[in-house]
Amino acid sequence: MHEAKKQALKNVEHVAEGVAADTLPEGKLFEIAQSIGDKRLEELNVEDTTCGYCAVGCRFDLYSDGEEILAARPTDEEDAPVNGISTCVKGKFGYDFVNSDDRLTSPLVRDERGEFREATWDEAIGRVAERFGEIKDQHGGESLSLIASSKATNEDNYLMGKFARQVLGTNSVDNCNRLCHSSTVAGLAQTYGYGAASISTEDLELADCILLTGSNTTEAHPVLATRIKQNVRDGGDLLVFDPREIQIAEYATQYSQVNPGYDAVWINGLTRYIIENDLYDEQFVEERTTGFEDVKEAVQEFTPERVEEVTGVPHEEIVSAAETLADADRCVFGWTLGLTEHSHGTENVIAMANLAAITGNLGKPGAGVSPFRGQNNVQGGGGDMGPLPDNFPGYQDIADDEIRAKFEDAWDCDISEEYGYYTTQMFLAADDDDIRGMYIIGENAALSEPGVNHAEDVLEDLDFLVVQDLFVNETAQYADVVLPACSFVEKTGTFTNTDRTVQMVKQVMEPKGDSRPDWKILQDLANRMGRDWNYDDTAEIMQEVNSLTPLYGGVSHERVDEEGGVQWPCWDESHPGTERLYTEEFNTENGKANLQGIGYSEPAETPDDEYPFTLTTGRVLYQYHTGTMTHREEGIMQYTPSDFIEIHPETADALGVESGDLVTVESRRGEVVVPAQVTDRVGPENVFIPIHFAESAVNQLTDEEHLDPAAATPEFKVSAVRLTPADAEPTMTTDGETTTGDD
Ligand code: SF4
């Protein structure tokens, strides 16, 4: 690593939480530039672009000498509405993966011995077209499935959905949203109409109160955490409900530790207290909602005492949180996967939607719901663009005859009205040979799926597997053909961030080796399989999106570039975009928020004598998902180089382990061995393991079978496990600055 960059990384704590702005002043940039070849700043390529890590959607200028990314530095503040001049450690420094030695630079195919060998694009595309064609002929298109990529652009993802339906002939197309926020989408769509954040990011600073749950914001969405902390510094209230006493809890007016898996209980408890004490917004409820009486009846059982009994939250804390909430004129309800990754995640989200509505906190500045999305483009690529088994782009239902006819006409193909398999269901359907071939793009399913031992068996047994990625990751090791794709710094398109803002992504480097942008690979493959795709660039693909997707009707590359970003819904060229949803009416047939009385469901697996602890999983600041990108960043790897398990001191005492000792963690599905980190951040009955490390893949422990009935989201956040000290000698300690997250 270059000396200047090393030096900059030493300052990493300052930017770690997104607190500080630019730790690379211009002088430092010159130093970096000079240290790698005596180039002056103005001689480098520079493009304003959007971060490729998380869905906060920070914008900044990327500098490149054409061969590697040299620096990321703030763009003009007005061009970066979400982050201003802030970025976090990943957006600032996480680019070594682009030039990593093991980056895929040519297609790979399996030879007769089962080994990978390099191939030309012509051969690789030919082999994929031939095998997909054979399976389609023998077993029907519905025996094929495609997992799309929330890391890729909107334009890439639009074509992934089109490719699945038009070329493969299947509705089994889905993506990683199934593993995270699909229960948010289902819950919010049912009640309000749109499965997305109703607020703009600036509302986090305008709110009088923020209720945060299941969100380790400082680590998973650092720049949003900066906004929240600023709100607190300005006198706002912050209520944090979480099983782990995460760092953002230090800033909270009130932190309440919740037993994992019982969120609907405490949320209903708040709703009940507010209704019973006439603290709700009567006018809003009367004029803008239906179902209030249903909710009132359903929450009756959730007295503060009952909530305490089930969730462990003291009844006084339910009362004080409810009063703080009701007292606020403007409240934002923020959450991530601690609320959604459950076998009843949709139920949790509906309970939260009820609470926001009865307190009148929708459709006005500083108020609304904000599910913080995870991957950089999971909102746009994973949802809006419709690589989904039940929706076309813009959440248009495939079962609707008129809508289906529109797409059949535009895409010149027949499309079944039957929904396809969700990602989690694809792996179960493969057991019965209902899925025989998969095309996995930019998704490391062999680590990210629940119950990965099962997922790996499925990948191994498929008739044909194609993986399109930057690396031969854990999933690609099972592939028949691997196609090398470009990273986000090597292509142009758009991402849509967590507050629905569509932003430009711009090419700042040439593609590495023979790698290609996803949309070009799809175009070549579609044409080899008999279609006639002729897109010249991604702007042209976005024009097709405009014509078929009312939500994106006025979104063009030209406009997004000129305005810095456009928030959907944006119905046409003259529409200004939508800063906040539901200012006048909800996106439902009657224009009202349709509230639903919700009780609560137990987690699918609760602790017992055999497996007495509850495991929850999540992220850490210095890593990202399955580590495909961050594990290749030497500086970042210094901070959280390997896995660990958080164990409460009482539990550690009982087990006879100290920080650094290895612990065997077993569930009904598998076991991992990880070093202990003894901390009272978790409760005595709970443990936590991050999701980022293949060596001790925590999803060996999670459950692939019990899915949310509405959204098919797995229950990553609750698994029953048992712990025993491992015989092996410890290989590392986790003392010190290691920080953890549960997204
Ligand atoms: Fe990138 Fe998210 Fe960090 Fe912003 S907060 S720089 S979008 S990883």
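The values are calculated or read from the model by the stated rules, or taken from the named source; none is laboratory data. Here the structure is a predicted model, which means the values were calculated and not measured. FYI the Cβ positions are ideal-geometry reconstructions off the backbone, even for glycines, and counts take in every protein chain you see. To get the accessible areas, we keep the full protein, side chains included, count just its heavy atoms, and leave off ligands, DNA and RNA. Shrake-Rupley method; radii C 1.70, N 1.55, O 1.52, S 1.80 Å.
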For ASN527, project a label point 7 Å along Cα to C-beta. Then give me every residue of the stretch 138-167 with its amide nitrogen under 17 Å of that point. 159-160, 163, 167
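Would you mind working out the accessible area per residue for the chain, using a 1.4 Å probe, and quoting it in Å²?
Working: 25100 Å² over 743 residues.
Roughly 34 Å² per residue, with all protein chains present.
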Under a 1.4 Å probe, counting only protein heavy atoms, LYS92 has an accessible area in Å², nearest 10, of 10
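Calculate the FRET efficiency for GLU584 and GLU540 from the Cβ-Cβ distance with a Förster distance of 35 Å, rounded to the nearest 0.05.
On the way: r = 34 Å, r/R0 = 0.98.
Calculated value: 0.55.
Is there a quick way to get the dipole size of the stretch 319-435? I mean about its Cα centre, with the Cβ of Lys and Arg at +1 and of Asp and Glu at -1; what is the value in debye to the nearest 20?
Numbers: 5 positive and 21 negative charges, 215 e Å.
About 1040 debye.
Using a probe of 1.4 angstrom, how much of the accessible area of the stretch 413-511 is carbon and sulfur, in percent? It would help to have the intermediate numbers written out before the result.
Working: 980 of 2720 Å².
Carbon with sulfur: 36 percent of the solvent-accessible area.
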May I have the pair-distance distribution P(r) for the stretch 216-345, computed from all Cα-Cα distances with 5 Å bins from 0 and rounded to whole percent? 2, 10, 18, 21, 21, 16, 9, 3
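Can you give the Kirkwood hydrodynamic radius for the stretch 369-469, in Å, rounded to one decimal and based on Cα pairs?
Values: mean 1/r = 0.0650 Å⁻¹.
Value: 15.4 Å, from the Cα pair sum.
At 222 nm, what value in deg cm²/dmol follows for the chain if DSSP H runs of at least 4 each add -39500 (n - 2.57) and the sum is divided by all its residues, to the nearest 500? Kindly include the intermediate steps, with their values, before the conclusion.
Values: 26 runs with 225 residues, N = 743.
Result for the chain: -8500 deg cm²/dmol, rounded to the nearest 500.
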Over 28 Å (Cα to Cα) among LYS151/LYS592; LYS92/LYS151; LYS151/LYS364 -> LYS151/LYS592; LYS151/LYS364
Simple spin-label model, 7 Å along Cα-to-Cβ: GLU705 to SER642 in nm? 3.3
Would you mind checking the stretch 668-701 for residues with the amide N under 17 Å from a putative spin-label position 7 Å along Cα→C-beta of ASP457? 668-671, 699-701
So GLN230 and GLU42, fully extended at 0.36 nm per residue minus their Cα-Cα distance, gain in nm 64.2 nm
Starting from the Cα of THR290, step 7 Å toward the Cβ, then list every residue of the stretch 570-595 with an amide N under 12 Å from that point. 588-595
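Antiparallel as a % of all DSSP beta bridges within the chain, to the nearest 5?
On the way: 40 of 84 bridges.
Antiparallel bridges: around 50 percent, rounded to the nearest 5.
Whenever you get a sec, line up MET438, MET529 from highest to lowest accessible area (probe 1.4 Å, protein heavy atoms). List each step's numbers first, then the result.
Numbers: MET438 0, MET529 45 Å².
Ranked from most to least accessible, the order is MET529, MET438.
By how many nm would the segment from ARG559 to THR606 lengthen if fully extended, with 0.36 nm per residue of separation less the alpha-carbon distance? Walk me through the intermediate numbers first.
On the way: separation 47, 0.36 × 47 = 16.92 nm, distance 5.11 nm.
Additional length available on full extension: 11.8 nm.
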Under the Karplus curve 6.51 cos²θ - 1.76 cosθ + 1.60, θ = phi - 60°, whole-Hz ³J(HN,Hα) for the stretch 217-229, x wherever Gly or Pro sits: 4, 4, 9, 8, 9, x, 6, 5, 4, 4, 5, 5, 4
Distance in nm between pseudo-label sites at SER574 and ASP514 (7 Å out along the Cβ direction from Cα): 5.2
Answer with one residue from THR170, PHE471, MET438: the one whose Cα lies farthest towards the positive end of the charge dipole of the chain, charges on Cβ with Lys, Arg +1 and Asp, Glu -1. PHE471
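How big is the dipole moment of the chain about its Cα centre under a simple scheme where the beta carbon of each Lys and Arg is +1, that of each Asp and Glu is -1, and everything else is neutral? Debye, nearest 20, please.
Numbers: 53 positive and 142 negative charges, 252 e Å.
Roughly 1220 debye, rounded to the nearest 20.
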Assign one of three labels to the chain, namely rounded, prolate or oblate, based on the Cα gyration tensor with a ≥ b ≥ c the square roots of its eigenvalues; rounded applies when a/c is under 1.5, prolate when it is not and a/b is larger than b/c, and oblate otherwise. rounded
When the Cα centres of the stretch 374-415 and the stretch 508-547 are compared, how far apart do they sit, in Å? 18
Taking a quarter of the surface of the convex hull around the Cα atoms of the stretch 316-412, what do you get in nm²? 8.8
Could you order the peptides 208-221, 149-162 from most to least packed, using the average number of other C-beta atoms within 10 Å per residue? 149-162, 208-221
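State the three equivalent ellipsoid semi-axes of the stretch 170-290, derived from the C-alpha gyration tensor as the square roots of 5 times its eigenvalues, in descending order and whole Å. Could the numbers behind the result be given before it?
On the way: eigenvalues 116, 99, 54 Å².
Its equivalent ellipsoid spans semi-axes of 24, 22, 16 Å.
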With a point put 7 Å past each Cα toward its Cβ, work out how far GLU408 is from GLU671 in nm, to one decimal. 5.5
